[in-house]
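Please read the structure below before turning to the comments.
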């Protein structure tokens with residue numbers, strides 16, 4: 001099998017940065033923008049994630065923690081699992097019901113699905129040559145099938161969180 005190491009090294013770096021930027025931006029916005037953590041908590045409550053204040057912190061702290069890990073390429077598959085978990089909860093609680101396209105009313109799920117799938121790709125690929133995983137020689141055991149399995153921790157976490165805490169309001173019958 002032909003593998004271009006140069007392309008993989010740079011591709012992993014670009015993918016890490018591409019995922020780190022929106023995670024940092026969302027975490028920062030939840031923490032400091034608009035309604036801050038309190039407003040984010042109220043929004044989570046409106047989605048059925050109870051208690052909202054707790055889930056605002058779970059999501060915000062996860063986003064703020066995974067962003068530098070991704071940017072630096074440190075524990076990359078575990079950081080990708082954090083992204084996967086946050087995006088799957090967002091997909092199920094808020095975006096899926098709105099259809100695929102992001103421009104649909106209520107915002108569809110294309111963006112969060114793309115971010116989650118990109119995080120799976122990165123978990124499998126690993127941090128790459130230009131990462132702290134590589135510099136500290138800790139990445140070799142985490143890529144490939146093992147990285148994919150580590151990425152599945154995000155799925156397991158999201159499912160567990162939804163089963164325990166998600167209580168959406170039942171739809172009201174049309175009159």
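The values are calculated or read from the model by the stated rules, or taken from the named source; none is laboratory data. The structure presented is a predicted model; accordingly, all values stated were derived computationally and were not measured. Don't worry about glycine lacking a Cβ; one is built from the backbone with ideal geometry, like all the others, and counts go over all protein chains shown.
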Just wondering, is there one or more residues in region 35-47 that are over 14 Å from the mean Cα position of the chain (by Cα), over 23 Å from residue 162 (Cβ atoms) and surrounded by 19 or more Cβ atoms within 10 Å (Cβ to Cβ)? no
Residues of region 10-50 being more than 22 Å from residue 115 (Cβ to Cβ) and touching a residue at least 40 places away in the same chain (Cβ under 8 Å), which ones? 50
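Say whether the condition of being assigned to a helix (DSSP H, G or I) and modelled with pLDDT of 95 or more is met by at least one residue in region 138-148. Working first, answer last.
So in region 138-148, the residues assigned to a helix (DSSP H, G or I) come out as 140-142, 145-148.
This time we only want the ones that are modelled with pLDDT of 95 or more, so: none.
No: zero hits.
Being in contact with a strand residue (DSSP E or B) (Cβ under 9 Å, 6 or more places away or on another chain), in a helix (DSSP H, G or I) and buried (at least 22 other Cβ atoms within 10 Å of the Cβ) is the requirement here; does residue 55 meet it? Step through it out loud before you land on a result.
Values: in contact with a strand residue (DSSP E or B) (Cβ under 9 Å, 6 or more places away or on another chain): yes; in a helix (DSSP H, G or I): yes; buried (at least 22 other Cβ atoms within 10 Å of the Cβ): yes.
So residue 55 fits the description; yes.
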In region 130-171, anything surrounded by 14 or more Cβ atoms within 10 Å (Cβ to Cβ) and at positive phi is listed as 144
Among the residues that make up region 71-87, is at least one of them surrounded by 18 or more Cβ atoms within 10 Å (Cβ to Cβ), free of Cβ contacts under 8 Å to residues at least 40 places away in the same chain and more than 12 Å from the chain's Cα centre (by Cα)? no
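Do we have residue 96 as surrounded by fewer than 24 Cβ atoms within 10 Å (Cβ to Cβ), out of contact with any helix residue (DSSP H, G or I) (no Cβ under 7 Å at 6 or more places or on another chain), part of a helix (DSSP H, G or I) and modelled with pLDDT of 95 or more here?
Working: surrounded by fewer than 24 Cβ atoms within 10 Å (Cβ to Cβ): yes; out of contact with any helix residue (DSSP H, G or I) (no Cβ under 7 Å at 6 or more places or on another chain): yes; part of a helix (DSSP H, G or I): yes; modelled with pLDDT of 95 or more: no.
Judged against the criteria, residue 96 is not a match.
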Exactly one of 78, 19, 122, 74 is at pLDDT 95 or above, outside any helix (DSSP H, G or I), out of contact with any strand residue (DSSP E or B) (no Cβ under 7 Å at 6 or more places or on another chain) and over 24 Å from residue 171 (Cβ atoms), and that residue is 74
Of the conditions (1) under 19 Å from the mean Cα position of the chain (by Cα); (2) over 23 Å from residue 29 (Cα atoms); (3) in contact (Cβ under 8 Å) with a residue 60 or more places away in the chain, residue 118 clears all except one; give me its number. (2)
